[in-house]
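Novice: Before we start, here is the structure in question, set down as structure tokens.
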Amino acid sequence: MELTDLGLDSGLAEQAACESGQRLARVTAVDRGRYVVRDEQGEVPAELTGKFLHTAASSVDMPCVGDWVCAEYHDAASHASIHDVVPRRSFLRRKSPGKNIDFQMIAANIDVAFIVQSCHFDFNVRRLERYLVMVNEGHIEPVLLLTKTDLVSAEELERMFGHIRAAGISARIITLSSMTGEGVDEVKSLVVPGKTYCMLGSSGVGKTTLINHLLGKDALETGVVSGTGEGRHTTTRRHLVTLDNGGLLIDMPGMRELGILTTGEGLDDSFADIKALAGRCRFADCSHNNEPGCAIRKAIERGELNPEHYQSYLKLKAESDFNEMSYVDKRKKDKAFGKMVKTVLKKRK
């Protein structure tokens, strides 16, 4: 296997600056601070060097699945040390779960994100919008997969399509059924050798079953399906697998929390219709409340803009602004604490 088979392209290779004695490898698994890296020779366990840990400014700097790293191999290449992370071409990140205001890196260097929702129990446009913000922020192409279509009627499925399009979501949609095999070949046709894909979605929506279809064998464990059609959670860690046709796919556990933090372009890209309407308002600083000539209010009154879609945008923007302000404040406190520690250490010398 060549590094190009693992997803290395010329752009990433140019960004790498590995020192003598180090070589490029890709992180294929992360589990509680333990790493697995892969190069042309195969996979080995890896750990971070003390220097790397000392110089890492935040959690964003830590390696995640899909990262390319500069690794030094030891003891007949039985294990490795990670010295540096190559700048990412794309990424998935979210606000850390809970009250902590910080980033959590999920995966990196992904070409396409398959956002998976079950038609039967999991369908939720508001959650879908959150996934799209995350994917667009990381410069990843989204494809929507609606699974378990055999459990709903054609009329219900058509209504779901309508809800998605009414939310201004224009991404490609593929319908899937593990019972009939519908849609599997269409997904396979999108998977290109040497490109990296990921599955995003709640637990039990059929991600692992689909991956087994793409692998061409039942290599990953799947859970027993409940009476409601909801599968049980089976994936316990993020890991990168090679598919039957040479494509690369990052499997990951379902995410219960999808907090938005400093989305930037991600929010604008996911709500491009609202951004376009805002540009038509009479006043550049229009708050879209009572100002005359507000294009957004007119669009809602005429039935051209779904008010729930607009309210979702306002909610995500408010959440993003609050978390971003809290994150900036946290970073200032971290820097102030770091300066205090350095001052104390200097006085002791």
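The values are calculated or read from the model by the stated rules, or taken from the named source; none is laboratory data. What you see is a predicted model, and the numbers here were worked out from it, not measured in a lab. Ideal geometry is used to build each Cβ from the backbone, glycine not excepted, and the neighbour counts take in all protein chains shown.
Novice: Among the residues of the range 87-143, which ones are of a type in the set (Asp, Glu) and either in contact with a Phe, Trp or Tyr (Cβ under 9 Å, 6 or more places away or on another chain) or part of a strand (DSSP E or B) (or both)?
Specialist: Asp102, Asp111, Glu129, Glu137, Glu141
Novice: For the range 35-76, give me each residue that is of a type in the set (D, E, K, R) and either more than 20 Å from the chain's Cα centre (by Cα) or at pLDDT 95 or above (or both).
Specialist: Arg38, Asp39, Glu40, Glu43, Glu47, Lys51, Asp67, Glu72, Asp75, listed by residue number.
Novice: Which pairs turn up if I take residues in the range 166-193 that are assigned by TED's automatic domain parsing to the domain that holds Val205 and within 29 Å of Asn306 (Cβ to Cβ) and look for partners that are assigned to a loop (DSSP other than H, G, I, E, B) and hydrophobic (A, V, I, L, M, F, W, C) with beta carbon separation below 6 Å, at least 6 apart in sequence or on another chain?
Specialist: That search, which allows pairs on different chains as well, returns Gly183/Leu176.
Novice: Can you name the residue in the range 136-162 that is touching a residue at least 40 places away in the same chain (Cβ under 8 Å) and over 21 Å from Gly206 (Cα atoms) and, of all such residues, is surrounded by the fewest Cβ atoms within 10 Å (Cβ to Cβ)?
Specialist: That would be His139.
Novice: Oh, and also: Is at least one residue of the range 69-84 outside the structural domain of Val241 (by TED's automatic domain parsing) and within 18 Å of Thr242 (Cβ to Cβ)?
Specialist: no
Novice: Would a scan of the range 17-28 turn up a residue that is of a type in the set (Asp, Glu), more than 30 Å from Leu132 (Cα to Cα) and modelled with pLDDT under 95?
Specialist: Yes, the range 17-28 has at least one match.
Novice: Kindly list the number of the only condition in (1) surrounded by fewer than 22 Cβ atoms within 10 Å (Cβ to Cβ); (2) modelled with pLDDT under 95 that fails for Ile106.
Specialist: Against the list (1) surrounded by fewer than 22 Cβ atoms within 10 Å (Cβ to Cβ); (2) modelled with pLDDT under 95, Ile106 comes up short only on (1).
Novice: Oh, and also: Can you pull out the residues in the range 139-152 that are modelled with pLDDT under 95 and of a type outside the set (Lys, Arg)?
Specialist: Once the filter is applied, which keeps residues that are modelled with pLDDT under 95 and of a type outside the set (Lys, Arg), the range 139-152 yields His139, Thr147, Thr149, Asp150, Leu151, Val152.
Novice: I've got another one for you. Just give me the residues in the range 157-177 being more than 13 Å from Val116 (Cα to Cα) and of a type outside the set (Gly, Ala, Ser), in sequence order.
Specialist: Leu157, Glu158, Arg159, Met160, Phe161, His163, Ile164, Arg165, Ile169
Novice: Right, next: In the range 185-243, what residues are at pLDDT 85 or above, surrounded by fewer than 18 Cβ atoms within 10 Å (Cβ to Cβ) and among the small types (Gly, Ala, Ser)?
Specialist: Ser189, Gly194
Novice: Looking at Arg302, is it surrounded by fewer than 11 Cβ atoms within 10 Å (Cβ to Cβ), at pLDDT 85 or above and closer than 24 Å to Ile164 by Cβ?
Specialist: Against the criterion (surrounded by fewer than 11 Cβ atoms within 10 Å (Cβ to Cβ), at pLDDT 85 or above and closer than 24 Å to Ile164 by Cβ), Arg302 qualifies.
Novice: How many of the residues in the range 275-308 are at positive phi and in contact with a Lys or Arg (Cβ under 7 Å, 6 or more places away or on another chain)?
Specialist: Residues that pass the stated criteria total 2.
Each row is one residue, and each column tells you yes or no for (1) assigned to a strand (DSSP E or B); (2) free of Cβ contacts under 8 Å to residues at least 40 places away in the same chain.
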site	(1), (2)
Val37	yes, no
Val44	yes, yes
Ala57	no, yes
Pro63	no, yes
Ile82	yes, no
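Novice: Could you grab the pairs with beta carbons closer than 6 Å, sequence gap of 6+ or different chains, first residue in the range 118-135 and closer than 18 Å to Thr208 by Cβ and at pLDDT below 90, second one among the aliphatic types (A, V, I, L, M) and surrounded by fewer than 23 Cβ atoms within 10 Å (Cβ to Cβ)?
Specialist: Listed by first residue and then by second, the contacts come to His120/Leu151.
Novice: Only one of Leu248, Leu261 is modelled with pLDDT under 85 and buried (at least 19 other Cβ atoms within 10 Å of the Cβ). Can you tell me which?
Specialist: Leu261
Novice: Could you list all residues from the range 44-94 that are within 23 Å of Ile110 (Cα to Cα) and hydroxyl-bearing (Ser, Thr, Tyr)?
Specialist: Once the filter is applied, which keeps residues that are within 23 Å of Ile110 (Cα to Cα) and hydroxyl-bearing (Ser, Thr, Tyr), the range 44-94 yields Ser58, Ser59, Ser90.
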